[in-house]
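Notes for the one structure printed next.
The values are calculated or read from the model by the stated rules, or taken from the named source; none is laboratory data. Worth saying up front: this structure is predicted, and the values here are computed from it rather than measured. Methodologically, a virtual Cβ is constructed for each residue, glycine included, from the backbone with ideal geometry; neighbour enumeration extends over all protein chains shown. Please note that ligands, DNA and RNA were not included when accessible areas were found on the heavy atoms of the full protein model with its side chains. Shrake-Rupley method; radii C 1.70, N 1.55, O 1.52, S 1.80 Å.
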Amino acid sequence: AGVSPATVSRYYSGSSVVGTELSNQIEDAAEKLGYIHKYRKRKDRGVIALLLSDLELSFDGDVVKEILEQISRYRFRLIIIPYSNEESDYKHFITEMNIEGIIYLDEHINPDILKYIHSKNIKTIMCGGVSQNDKVESVHVNDLLAAYEGMKYLIKLKHEKILVLSDFENKIGSTFQRLMGCRKALEEYSLQGQEELIAYGKMTYEMGYRLTKKVLDKQVDFSAIFAFSDEMAMGAIHALQESGIQVPEDVSVLGFDDISFSEKYNPPLTTIHQPIQEFVTQSLNFFLEKEERNKNVDIIFPFRIIERSSCQENRQK
């Protein structure tokens, strides 16, 4: 393995933390030799659970894919626990599986689920959103600033009437922050008072299509759309094109997330990039930490606007 016997001993006994690179060297050597240490402590192969209500959003699917790609490097085993906010089947899984840590993705998760997990003293992290529970860690971008910069990007392209496709607003959560960011940018440019240009619904392709169709049917005037998910943005583009409106020549469309399909869409989607790889790495590193924190921590990663082909300068008179 290229390490000292003492390092191998520390790795298998769990008496102290061995770095990821050295751990991988030891694991590689053990695998080649067919060596299995029968006294290895269970915590070295802890179980991490991923709570999932569904995979309706591609962003969640991209997060799950990234977790599957990274998990083996951490020597954790992964189980996926399906849950419903109305049922308590998840309790059986959590009790039976000797779970060391839990990752969840849904900001709208039932608070009772988090209370139950906390009562079991299981380390828990919200990946890609803002936790509503003050005892749960969160890994996300600064949603307020990201939406502020996204709205400002469209305004600088000379768009003044911008349709916002938003998730349902919840206090403190990412949607609330994004709406605050949009309103802040509009106010800065004296474009406030456009609440009729905010449409609410689930952040899916189908909802983006339906909301855009509804606004078009009402003959509301707008030259750009800022959708709070790439899927909503893609649904909006479909609705626009179906109505004979060209993107970006007639209407510019800005998404949020930078899911894996965004650059393959027609037209390739300009969007706000969320660093999913870094989200997952930080989430998994969290379970390696030995010291308990006195309070939860928000870990905020930088975002950036990815310019592709769905936005251009407004040329309408």
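Listing for the model above:
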item: Selection within region 117-133 - open to solvent by less than 40 Å² (accessible area, probe 1.4 Å), closer than 26 Å to PRO302 by Cβ and assigned to a loop (DSSP other than H, G, I, E, B); result: GLY128, GLY129, VAL130, SER131, ASN133
item: Any hit, region 149-167, residues being under 18 Å from the mean Cα position of the chain (by Cα), open to solvent by less than 50 Å² (accessible area, probe 1.4 Å) and more than 18 Å from LEU57 (Cβ to Cβ); result: yes
item: Subset of region 168-184 (residues that are open to solvent by less than 30 Å² (accessible area, probe 1.4 Å) and of a type in the set (Lys, Arg)); result: ARG178
item: Close pairs from region 88-106: first closer than 19 Å to ASP54 by Cβ, partner aromatic (Phe, Trp, Tyr) and modelled with pLDDT of 85 or more, Cβ under 6 Å, at least 6 apart; result: TYR90/TYR83
item: Hey, GLU195 acidic (Asp, Glu), open to solvent by 60 Å² or more (accessible area, probe 1.4 Å) and at pLDDT 95 or above or not; result: no
item: Complete set of residues in region 178-200 that are assigned to a helix (DSSP H, G or I), without any contact (Cβ under 8 Å) to a residue 12 or more places away in the chain and within 18 Å of LYS156 (Cα to Cα); result: ARG183, GLU187
item: Members of region 204-221 found to be part of a helix (DSSP H, G or I) and either over 17 Å from PHE256 (Cα atoms) or of a type in the set (D, E, K, R) (or both), listed by number; result: GLU206, ARG210, LYS213, LYS214, VAL215, LEU216, ASP217
item: From the options GLN282, GLN241, GLN246, residue that is surrounded by fewer than 21 Cβ atoms within 10 Å (Cβ to Cβ) and touching a residue at least 40 places away in the same chain (Cβ under 8 Å); result: GLN282
item: Residue count for region 57-98, restricted to those that are open to solvent by 90 Å² or more (accessible area, probe 1.4 Å) and charged (D, E, K, R); result: 8
